[in-house]
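A short reminder: the numbers here are calculations on the coordinates, not readings from a lab. As the structure is a prediction and not an experimental result, all values here were calculated from the model. Using ideal geometry, Cβ is built from the backbone for each residue, glycine included, and neighbour counts are taken over all protein chains shown.
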Amino acid sequence: MLTTRPNSVSSVGFFLLFLSLQPLSSLSQPPPPPMSSSSSVHDSFLKCLSDKTKTPQSQISKIVFSQTNPSYTSVLRAYIRNARFNTSSTPKPTIIVTPLSESHVSAAVLCSKPLNYVFKIRSGGHDYDGLSYISDKPFFILDLFNLRDVSVDISGQTAWISAGATLGEVYYKIWEKSKVLGFPAGVCPTVGVGGHLSGGGYGNMVRKFGLTVDHFIDAKMVDVNGTVLDRKAMGEDLFWAISGGGGGSFGVVLGYKVKLVPVPETVTVFRVEQLMASGAVDMVHKWQFVGPKTDKNLFMRMLIQPVTRNKVKTVRATVVALFLGKADDVVSLLEKELPELALKKENCTEMTWYQSALWWDNRVNATETDPKVFLDRNLDSSSFGKRKSDYVETEIPRKGIESLFNKMIELGKIGLVFNPYGGRMAEIADDATPFPHRNMLYKIQYSVNWKESSPELERGYLNQAKVLYSFMTGFVSKNPRGAYLNYRDVDIGVNDHGEDSYKEGEVYGRMYFGKNFDRLVKIKTEVDPGNFFRNEQSIPTLPSKA
Ligand code: FDA
């Protein structure tokens, strides 16, 4: 039985306890200078920002929020996307800075450095374990929501997208200019570009076009010296590192230039579900042989959820799919390849690619929906949740699927999402970007959400996630067991950035990045030797030889 690696700080519960109990002065990074009260920190930070940006303090103060500012709470909460980290006991930043320009970002980096506060970077706030806006040490948040330009160049089929933009804004801006270009990124429109793209990024075109990072042309970031770098200035190593290695270890990503992809005028979506009594076990078992191997134009996500039907507990398996083509073609393809699904033409809806993005966001009448809904940021709205991830290399035997379903019925709430790879993913080398899991059959996301604020319920649901993760050990990748950086999971280890920083970093780092971890550490050591850009799961520097 394995729930965590032996030398990791092992559970969310422990992590939170750690956040709330750890005396700040005992942590191993040098403590902030005994300067004092947060108001003097605020004053000296403001003065520094004003000097560096040559802007009067009265003006620059509009982008700096200390805890006494009446807008502080609404600014903080706007991009908290997991209600678990929106409680009165959640640690709060001393200052939130909301830059309006690149020069504000540079100045914020330079002015924070001497203060020795942890410097958290937030774009869309969707980090599943809240690492962009919580810390157990005194911290600032650099919140990039104002830097949201998206400019689409139709003739070059490229776009510059800023870190603080959301995926919904990116898709909308592309749709405004073209109905036959798209972008292969995540399916939730409020996810932020900064975290999503720097951490890899994938969506329902992953089998056709690979990851989001496979479409990078250029990038802009602010390094630890406050310098704005583009790809040429940062060099290929650093550009590689921020193409999936997580921006937050290397600097502040300002944006990426990306290549758009061609999409057909008509695509097809469908959703088909089966219960255990109607053959779900066979369907899921067979899906493993088809989902990752079929036509690259077809992405069939599998959702597996315990449910109660007619007072009987069972499991529902739902295939949610995007086919980059017409309904007739996907129906005849799956009649041959996956008859267990029993897909009929009436299950399918043809629409444009942009409408399919709305449909994947659960807009049932996607073809009737106002495209502008993707500009809605839904601020300060979140439920409670926990995610974990795994990778499957070899199909799970039918008996294994059956035992998994029974385990899920026993646990009662936690669900799984299987995301098929294959296609383009398997054609790209596993060191082309920091993301190493190219040859896996599929990725598993463990997923549990709830609405009620109750510590007892929370403990129960977090425990379900751990028990199921442990149950899956024999079925998933090993040595190391893989994990997806963008499905942040502090259970697999956190870093105190003390003497054992490298060792601690290796635990989660190898799970996220495999052998690419070594190159990331080397780059980190070169570009940020003082480890200014750090978080609980950032890339550590190499241990000093002394
Ligand atoms: P957030 O601002 O929380 O940042 C996440 C991490 O990146 C933090 O460590 C942060 O410090 C760092 N960071 C953010 N901006 C940075 C910047 N400008 N420079 C440097 N570092 C920066 N993933 C996926 O691949 N496909 C999907 O379909 C989905 N769907 C999805 C739905 C929902 C509802 C959620 C909550 C999450 C997803 N995800 C996902 C996961 C998502 O890709 C992941 O959480 C991203 O890191 C979120 O990026 P944000 O900028 O929103 O997060």
Within the range 368-443, GluC sites (Glu not before Pro) in DSSP loop having at most 15 other beta-carbon neighbours inside 10 Å: GLU393
Cα pair distances of the range 423-546 binned at 5 Å [whole percent]: 2, 10, 17, 19, 17, 14, 11, 7, 3, 0, 0
The range 344-463, relative contact order in percent, only Cα pairs under 8 angstrom and at least six apart counted: 30 percent
Relative exposure of SER389, SER123, judged by other C-beta atoms within 10 Å (fewest first): SER389, SER123
Whether the range 335-473 is rounded, prolate or oblate, judged on the alpha carbon gyration tensor where a/c under 1.5 counts as rounded: rounded
Residues SER58, SER243, SER403 arranged by fewest to most Cβ contacts within 10 Å: SER58, SER403, SER243
Amide H contacts of TYR202 (H built 1.01 Å from N, under 5 Å, at least 5 apart or other chain): GLY186, THR212
Length-normalised contact order of the chain in % [C-alpha pairs under 8 Å, at least 6 apart]: 17 percent
Shape category assigned to the range 451-507 from the gyration tensor of Cα positions, a/c cut at 1.5: oblate
Selection of trypsin sites (Lys or Arg not before Pro), the range 476-546, meeting DSSP coil and at most 14 other Cβ within 10 Å: LYS478, LYS515, LYS545
Rounded to the nearest 20 debye, dipole of the range 256-393 from Cβ charges on Lys, Arg, Asp, Glu: 540 debye
Alpha-carbon gyration tensor eigenvalues x 5, square-rooted, for the range 121-245, Å: 24, 18, 14
Within the range 79-146: Cβ-based charge dipole about Cα centre, in debye rounded to nearest 20 (Lys, Arg +1; Asp, Glu -1): 140 debye
Partner lysines for LYS47 [C-alpha distance under 18 Å; skip if fewer than 8 residues away on the same chain]: LYS62, LYS113
The range 48-168: C-alpha gyration tensor shape, a/c 1.5 cut-off, then a/b vs b/c: oblate
Furthest towards positive pole of dipole, MET234, VAL109, THR314, structure part the chain, Cβ charges: THR314
Rounded to 5, percent antiparallel among DSSP beta bridges of the chain: 90 percent
Furthest towards positive pole of dipole, SER178, VAL476, GLN59, structure part the chain, Cβ charges: VAL476
Cross-link pairs beyond the 25 Å C-alpha cut-off, checked among LYS386/LYS522; LYS120/LYS177; LYS293/LYS407; LYS137/LYS524; LYS137/LYS478: LYS386/LYS522; LYS120/LYS177; LYS293/LYS407; LYS137/LYS478
Dipole of the range 325-441, positive end: most advanced residue of ALA342, TYR391, ALA426 [Cβ charges, Cα centre]: TYR391
Cys with no candidate disulfide partner in the chain (beta-carbon separation under 4.7 Å rule): CYS188, CYS348
Test item: Cα-centred dipole of the chain, Lys/Arg +1 and Asp/Glu -1 on Cβ, debye: 500 debye
Debye intensity ratio in log₁₀ form over the Cα atoms of the chain, taken at each q of 0.07, 0.10 Å⁻¹: -0.39, -0.81
Centroid-to-centroid separation of the range 96-142 and the range 265-321 [C-alpha atoms, Å]: 41 Å
Reachable lysines, given that their alpha-carbon falls under 17 Å from the alpha-carbon of LYS296 and they are not under 8 places away in the same chain: LYS208, LYS326, LYS336, LYS443
Quotient of C-alpha Rg and 2.2 N^0.38 Å, computed over the range 249-333: 1.50
ILE154, ILE80, ILE492 arranged by Cβ crowding within 10 Å, fewest neighbours leading: ILE154, ILE80, ILE492
